[in-house]
Amino acid sequence: MQLYPLKLVTIVGETLIMEDIADEGVKLGASGFTISDVVGHGSRSTRNVMFSGEAKTRKLEFVVPADVAVSILTFVSRQYFEHYACIAWLSDVSVVRGEEYVGKR
């Protein structure tokens with residue numbers, strides 16, 4: 001078994017912006033993403049309100065090489081942090097079948 005060192009980019013924010021961020025992440029080099037409905041509490045209030053059958057807050061995740069991770073985080077911080085409730089972080093991950101994420105740009 002081989003493990004591939006990659007980055008996990010996690011963004012938690014308003015449902016309204018998640019599809020746009022996901023689309024941009026793919027344009028920046030991600031091979032895919034995962035979006036989940038989430039609940040929680042943060043500096044901008046409790047984020048568990050449901051409307052129109054959808055969660056108000058979602059978590060978006062990308063597993064990508066380091067350069068793509070930096071591009072995604074730069075995009076999110078410049079386009080969304082000032083006007084939307086969202087947070088983003090970067091984690092190191094070791095991925096089995098990581099060849100699926102390496103060199104597909």
Inset, instruction - Considering only the range 1-32, state which residues are surrounded by fewer than 20 Cβ atoms within 10 Å (Cβ to Cβ), part of a helix (DSSP H, G or I) and of a type outside the set (A, V, I, L, M). - result: 15, 19, 20, 23, 24, 27
Inset, instruction - Quick one: count up the residues across the range 1-30 that are within 19 Å of residue 74 (Cβ to Cβ) and either touching a residue at least 60 places away in the same chain (Cβ under 8 Å) or in contact with a Cys (Cβ under 8 Å, 6 or more places away or on another chain) (or both). - result: 10
Inset, instruction - Can you confirm whether the range 7-15 contains a residue that is of a type in the set (Lys, Arg), over 12 Å from the mean Cα position of the chain (by Cα) and modelled with pLDDT of 90 or more? - result: no
Legend entry - Identity of the residue in the range 33-72, modelled with pLDDT under 95, outside any strand (DSSP E or B) and of a type in the set (Gly, Ala, Ser), that ends up nearest to the chain's Cα centre (by Cα): 40
Inset, instruction - Sort out which residues of the range 60-78 are touching a residue at least 40 places away in the same chain (Cβ under 8 Å) and loosely packed, with under 15 Cβ neighbours inside 10 Å, and write them in order of number. - result: 66
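The values are calculated or read from the model by the stated rules, or taken from the named source; none is laboratory data. Since we're looking at a predicted model, the values are computed, not measured. As a convention, Cβ positions derive from the backbone with ideal geometry for all residues, glycine included, and neighbour counts pool all protein chains shown.
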